[in-house]
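Okay, structure first, notes after.
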Amino acid sequence: MAEQDGKYQDYTETFLPKGGHQRSEKEHPDDLDNEKTRHMNYPKDLVKSLSLIDKWEFNVFDVSDASKQRPLTYVLYELLKKYDLLSTFKIPTNVLMSFADKVDAGYRKHRNPYHNPNHAADVAQTTHFFICQTGLLNWLSEVEVFAMIFAAAIHDYEHTGTTNTFHTQTRSPLAVLYNDRSVLENHHVAASFKMLQDNKGSNIVAELTRDQFEEFRSLVVDIVLATDMSQHFQQMSQVTDALNNPKELDKVKVMALIVHLADISHAAKCWELHERWSYALTEEYFRQGDREKELGLPCSTLCDRNTVMVPQSQFGFLRFIIEPSFNTLIELFRHIADHYIAKEDAALNSADVAEKTEGSPNRTRRHIVKCRLGTSQDQGDALYPDYTYANVVARLEESGKKWIGNIESNRKKWSALAEKEKATASPKDENNKDSLSTTDSTKNASSDSADNKNENSNNNTKEKNSKSTKSETSTKTTAKDNEN
Ligand SMILES: [Zn+2]
């Protein structure tokens with residue numbers, strides 16, 4: 001194939017958080033020494049971009065630009081504040097800030113185009129959306145909410161910008177340490193807990209009781225390990241199975257699945273965001289391919305910048321992996337609403353009738369955790385989502401339409417781009433093309449084909465198939481296999 005450098009726009013420079021930027025007390029909005037009376041004094045642009053924090057349309061790049069590339073710090077602060085977790089778990093603000101700085105630094109370590117603080121902040125915010133806007137919150141405890149947000153924030157901590165395959169192929173120290181199994185995911189979670197342990201001033205879980213900590217840690221480990229894309233089909237089928245059979249949902253698996261889908265959710269966001277994330281990840285793959293060439297290793301299937309056809313493979317990935325996953329997610333949220341919120345409404349209504357209570361809109365529900373809408377900058381009375389069954393179902397419908405609508409429209413855009421690319425490719429190129437799915441490199445069901453040789457030999461066929469995508473066709477096979 002002809003030299004194709006520059007075939008795709010390289011968003012790296014606009015995307016990558018600036019390296020070596022250190023927060024100074026002056027430019028940081030927080031008065032760390034005065035945590036009791038501290039007031040976040042956000043710049044205007046930041047207030048504006050953060051005002052979308054409860055919405056699907058949240059744009060992390062805007063927050064990044066407005067915060068001098070510190071989106072993770074602000075998003076984490078806002079999220080923990082929303083659920084009142086800072087006071088519930090006695091987290092001093094300066095400890096949270098120090099923690100956020102350390103996590104942020106971990107994400108900058110390898111200067112990745114994709115796996116950087118923007119991605120972490122984005123996944124944390126999307127996880128929050130799923131918790132707060134779907135009724136899920138009604139089902140969760142404080143420790144569970146905390147674990148989900150924490151896990152989302154650290155789920156790619158110290159990501160090396162290379163895939164699990166690359167680690168095993170190069171026999172990296174991490175691959176040796178974790179026996180080639182979910183190498184990166186094991187590292188993200190282990191390194192995060194080690195960082196907490198080694199830095200008292202950053203330990204945001206120091207005040208949890210022993211029981212709370214044990215539960216929290218176990219949840220975080222499960223959730224982060226489940227972001228390994230090689231687990232995708234197994235996870236989806238377990239949840240589908242529970243939905244189709246009248247059995248109790250496994251709450252931990254549900255929580256893990258939700259963070260995993262938040263991890264790959266940009267495909268269900270608007271084109272502007274999805275395209276930008278896609279090409280950022282493309283560039284990260286290509287850099288791995290460059291390194292593989294330098295090392296004299298075979299180029300991983302999706303990492304050769306001279307042969308990869310992005311639009312075509314994205315089309316297949318959205319059609320056969322993202323779309324079914326989000327359809328299942330919608331079903332899952334509806335199931336939770338039907339089984340937890342509907343029952344509760346019924347119980348409350350009958351209690352109301354029995355007691356003949358008049359006009360008690362604030363009647364106490366089994367509502368353990370509250371989520372305050374808006375940001376810490378909002379003045380006036382706090383607003384909370386309405387979790388009555390009818391409202392949850394209506395909002396769920398609205399969200400579902402948005403997700404599926406975005407996926408369809410993104411897919412059409414990739415399809416058009418693929419056609420265009422095909423038309424300009426020479427016949428020789430046709431034999432040499434290599435499609436790519438760019439949703440999350442090491443987590444990508446379609447990306448880690450070589451992992452088949454290296455990962456857990458207990459992987460079932462579906463999982464193996466899930467990683468063997470060479471083109472849209474095999475993505476299709478994978479998806480079909482999974483439906484059986
Ligand atoms: Zn990720």
Can you list the HN-Hα couplings for the stretch 314-321, worked out from phi with the Karplus curve (6.51, -1.76, 1.60; θ = phi - 60°), rounded to whole Hz and with x for Gly and Pro? 4, 3, x, 5, 5, 5, 9, 10
Diffing the stretch 335-342: the Karplus 3J(HN,Hα) column from phi (6.51, -1.76, 1.60, θ = phi - 60°), in whole Hz with x for Gly and Pro, holds 4, 5, 4, 5, 8, 10, 7, 4
Row for the stretch 209-316, column shape: gyration tensor on C-alpha, a ≥ b ≥ c, rounded if a/c < 1.5 i.e. under 1.5, prolate if a/b over b/c, else oblate; value prolate
Extending each Cα 7 Å along its Cβ direction at residue 408 and residue 377, get the distance between those two points in nm, one decimal. 3.5 nm
Please list, ordered by chain and number, the residues whose modelled amide H lies under 5 Å from the amide H of residue 309; skip anything fewer than 5 residues away on the same chain. 434, 435, 436
Which order do the peptides 93-99, 146-152 take when ranked by the mean count of other beta-carbon atoms within 10 Å per residue, highest first? 146-152, 93-99
Ranked from highest to lowest mean number of other Cβ atoms within 10 Å per residue, what is the order of the peptides 157-166, 82-91? 157-166, 82-91
When the chain is fully extended, how far beyond the present Cα-Cα distance does residue 327 get from residue 57, taking 0.36 nm per residue of separation? 95.3 nm
Length released on extending from residue 244 to residue 207, taking residue separation times 0.36 nm less the Cα-Cα span: 9.3 nm
Applying a 10 Å radius around every beta-carbon, put 202-212, 278-288, 106-116 in order of their mean neighbour count, most first. 278-288, 106-116, 202-212
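Rule-based calculations on the coordinates, nothing more; no lab input. Bear in mind that the values here come from a model prediction, so they are computed numbers and not experimental data. Virtual Cβ from ideal backbone geometry, glycine too; neighbours counted across all protein chains shown.
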